[in-house]
Amino acid sequence: MDVLDAIKTRTTTQFFDREKSLSDAEIKELAEFALEAPSSFNLQQTRLIAVTDPQAKERLKAAAWNQPKVADAAATFIILGDLGALDKHPELIERAMRQGVVPEPVGAKMIKGARDYYSVGRQRIHEEAIRSASLAAMNLMLAAHAKGYGCGPMIGFEADKVKAEFNIPDRYVVVLLIAVGYALPGNPARKPRLTVDEALSFNTCGSF
Ligand SMILES: Cc1cc2nc3c(=O)[nH]c(=O)nc-3n(C[C@H](O)[C@H](O)[C@H](O)COP(=O)(O)O)c2cc1C
């Protein structure tokens, strides 16, 4: 399936086959696709916890409004945004410079640029962590769909409970949960979208 088909045919899976699992290799492959996403200044804030153990999935479900798919899916990913990503940024940029992918003056500018941009405070750091991790989450869902799995994003969870249950330090914001596994027959049909004319304008903000 190419990416255009994946975009057009992905839907949120509600009902998963509890009997079918994903191997660690399959889960790692999905995480790799997630990590290919862009991030501001290449900060790469996204972190993932793959919850596959049946008891752990039940604990996650309890922190996620008891949504059945959290435990029914083969794996539910906890998508995190690293609020402390600036600490690792110089190392990441230096890695790219060593590989010759980023010229040294550009790399130095990126490191300083990120530091300056984020010096205004925690809200911006928080927003950018969510923004970047959300793009990674979409990559993960498109990859999952393209590989024939069902998947479903969730904001229906209590972040404090998720953090407590899975030993997640305050350095991380819980961005989304994504259930991934094998879809059962009878899942909801694809919902209609706004038309382009309802949602796109050219050169100025339309009367949406
Ligand atoms: C940020 C976000 C949070 C969502 N949270 C939930 C959720 O907690 N539970 C759920 O069943 N669906 C959740 N959804 C799925 C949406 O309901 C779904 O994407 C939307 O209805 C469009 O349907 P589709 O994904 O099948 O195209 C969420 C989607 C997004 C993007």
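Output the residue which, of all residues in segment 9-27 that are of a type in the set (D, E, K, R) and part of a loop (DSSP other than H, G, I, E, B), is nearest to the ligand (Cβ to nearest atom).
Here the answer is 10.
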Which of the residues that make up segment 133-160 are closer than 14 Å to residue 60 by Cα and more than 14 Å from the ligand (Cβ to nearest atom)? 160
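Residues are listed down the side, and each one gets a yes or a no for (1) among the aromatic types (Phe, Trp, Tyr); (2) touching a residue at least 24 places away in the same chain (Cβ under 8 Å); (3) open to solvent by 50 Å² or more (accessible area, probe 1.4 Å):
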| site | (1), (2), (3) |
| --- | --- |
| 11 | no, yes, no |
| 20 | no, yes, yes |
| 25 | no, no, yes |
| 28 | no, no, yes |
| 39 | no, yes, no |
Looking at (1) touching a strand residue (DSSP E or B) at 6+ places or on another chain (Cβ under 8 Å); (2) open to solvent by 80 Å² or more (accessible area, probe 1.4 Å); (3) more than 16 Å from the ligand (Cβ to nearest atom), can you tell me which one residue 182 breaks? (2)
With a cut-off of at least 1 residues that are of a type in the set (Gly, Ala, Ser), within 12 Å of residue 79 (Cα to Cα) and at pLDDT 95 or above, name the helices (runs of 4 or more DSSP H) lying wholly within segment 91-189. 122-146, 159-165
Pairs with Cβ under 9 Å, 6+ apart, first in segment 177-199 and without any contact (Cβ under 8 Å) to a residue 40 or more places away in the chain, second open to solvent by 60 Å² or more (accessible area, probe 1.4 Å) and charged (D, E, K, R): 199/193
Of the candidates 49, 93, the one satisfying the condition of being away from the ligand (no atom under 16 Å from the Cβ), more than 18 Å from residue 134 (Cβ to Cβ) and in contact (Cβ under 8 Å) with a residue 40 or more places away in the chain is 93
Can you confirm whether segment 182-205 contains a residue that is under 23 Å from the mean Cα position of the chain (by Cα) and closer than 23 Å to residue 28 by Cβ? yes
In segment 194-208, which residues are part of a loop (DSSP other than H, G, I, E, B) and modelled with pLDDT of 95 or more? 194, 195, 200, 201, 202, 203, 204, 205
So, residue 6, is that one in contact with a helix residue (DSSP H, G or I) (Cβ under 8 Å, 6 or more places away or on another chain) and within 16 Å of the ligand (Cβ to nearest atom) or not? yes
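Each row is one residue, and each column tells you yes or no for (1) within 27 Å of residue 80 (Cα to Cα); (2) touching a helix residue (DSSP H, G or I) at 6+ places or on another chain (Cβ under 7 Å).
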site: 148; (1), (2): yes, no
site: 156; (1), (2): yes, no
site: 170; (1), (2): yes, no
site: 186; (1), (2): no, no
site: 199; (1), (2): no, no
site: 208; (1), (2): no, yes
Going residue by residue through segment 124-132, is there one that turns out to be free of Cβ contacts under 8 Å to residues at least 12 places away in the same chain, open to solvent by 20 Å² or more (accessible area, probe 1.4 Å) and not β-branched (Val, Ile, Thr)? yes
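The values are calculated or read from the model by the stated rules, or taken from the named source; none is laboratory data. Just so you know, these numbers come straight off a predicted model, no measurement behind them. FYI the Cβ positions are ideal-geometry reconstructions off the backbone, even for glycines, and counts take in every protein chain you see. Protein only, heavy atoms only, side chains kept; ligands, DNA and RNA dropped before computing areas. Shrake-Rupley method; radii C 1.70, N 1.55, O 1.52, S 1.80 Å.
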